[in-house]
Amino acid sequence: MSDRDLVVETVRDILAGHEPFVLSDERPWDEGLWAALADAGLTGVGLPEEAGGSGGELADAVAVVATLARGAAAVPVAEQLLVAGPALVAAGLELPSPEQPLSISVGGAVTAAASDDGDGPGRFLLTGTATDVAWAGVARHLAVLASGPAGPVLALVDVTGMEATHAANLAGEPRGSLVFDDAAASGALLTDAQVTELQARYALARAVQLSAALDQVLSWTVQYAGERQQFGRPLGKFQAIQMELAEMAGEVTAVTALVDAAVQALDRQESVTLAAAAAKVRAGAAVEVVARLAHQVHGAIGFTQEYKLHHLTRRCWSWRDEAGTEVAWSRVLGAGLVADPDGLWPALTHVV
């Protein structure tokens, strides 16, 4: 068993003791699951040890995020391991303790003014509203993409105890807003290319989650079709059901291929914008097909709150629209492809 397989097994073992539940204002996340993951060092996987992380490769972090997505885990691990954590490290900012939840904000209108409190360079005061913040009210620290007088700024602010609006996505995951009024933060200037890379990483993180969740939905549906008897035989023996399962499998396979290609591009330290755009667009398009067919095959039981299917399909519908919609990333992808006419065909046929 490889080290990565061992990490995945550990995550699965922890998940086995934390069944998914319907999120609410009273219980917006799985604090017990987070504590167990943090105790095992899994909330720092892929982040360098010298920065306070647990070490490991990008693929290790992706494996952790994917496994948690399959289990409908209500914890901000994707934001911490694949987006905010790496962005802070790349910007030379101090990484908070991985035991404390960290999230990212790339939306809203937040300005960063240089602080004159004598704390030295890299200190800013944040003003404005960060909107649609993943795990708002749960995260202890927030990496904020803000506008500074000299250009974009990535700022790290301690939001412990800061009040957030009680908004949530369709799955019940917190997506509130935070208002800053001269909030002290450390920060670093970013180039436009770094901003684009950060946004692409966020989209890729959601695509990783979508890919894993869609694959699990397919697995559950195939299992159900093999077990559920109708007219004296399993549902999976009917040709119409077989065609629907095959269509679902085709969608999942396409998403997996594009997500894997984008992760590999990121691991090779190549520009990941177009690869992440393609992965996010394809994953989003697959949600409608896979979720619809999964609920059709399951029938009435698939729409009940007591059954497990909704924990993933509601997340898929939510993640589809987060970190940039299909329309937004289709425009990025199209503009990037036509910008280099000679490279259009190689780009269209390039997989890994």
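In whole Hz, with x marking every Gly and Pro, tabulate ³J(HN,Hα) for region 101-110 from phi via Karplus 6.51 cos²θ - 1.76 cosθ + 1.60, θ = phi - 60°.
x, 10, 10, 9, 10, 10, x, x, 10, 10
Under a GNM of the chain (C-alpha, springs under 10 Å), which listed residue has the highest mean-square fluctuation: Glu19, Glu251, Glu79?
Its mean-square fluctuation being the largest, the pick is Glu19.
Counting only chymotrypsin sites (Phe, Trp or Tyr not before Pro) that are in a DSSP loop and have at most 15 other C-beta atoms within 10 Å, tell me the longest site-free stretch of the chain.
22-230
What's the angle, to the nearest 10 degrees (0 to 90), between helix 192-227's Cα axis and the longest principal axis of the chain?
Computed tilt is about 20 degrees.
Relative contact order (percent) for the chain, with alpha-carbon contacts under 8 angstrom and 6 or more residues of separation?
Answer for the chain is 14 percent.
Cα centroids of region 177-237 and region 289-329: how far apart, whole angstrom?
If you average the Cα positions of each part, the centres end up 11 Å apart.
Compute the angle between helix 58-70 and the longest alpha-carbon principal axis of the chain, please, reported from 0 to 90 degrees and rounded to the nearest 10.
So the inclination is approximately 50 degrees.
With a bin width of 10 angstrom, please list the P(r) values of the chain as percents of all Cα-Cα pairs, from the 0 bin to the one holding the largest distance.
All Cα pairs considered, the percentages come to 5, 24, 33, 24, 10, 3, 1, 0.
Compute the angle between helix 239-267 and the longest alpha-carbon principal axis of the chain, please, reported from 0 to 90 degrees and rounded to the nearest 10.
30 degrees
Could you put Glu247, Glu26, Glu322, Glu227 in order, starting from the residue whose Cβ has the fewest other Cβ atoms within 10 Å?
Glu26, Glu227, Glu247, Glu322
In region 31-171, what % of DSSP beta bridges are antiparallel (nearest 5)?
About 70 percent, rounded to the nearest 5.
I'd like to compare 182-192, 103-113, 288-298: which one has the highest average count of other Cβ atoms within 10 Å, and what's the full order after that?
In descending order of packing, they fall as 103-113, 288-298, 182-192.
As a check on your grasp of the helix formula, calculate [θ] at 222 nm for the chain: sum -39500 (n - 2.57) over DSSP H runs of n ≥ 4, divide by the residue count, round to the nearest 500.
Taken over the chain, the calculation gives -15500 deg cm²/dmol.
Any read-out appearing in this document is the output of simple, stated calculations on the displayed coordinates, not a laboratory observation. Just so you know, these numbers come straight off a predicted model, no measurement behind them. Every residue, glycine among them, receives a Cβ derived from its backbone with ideal geometry; neighbour counts consider all protein chains shown.
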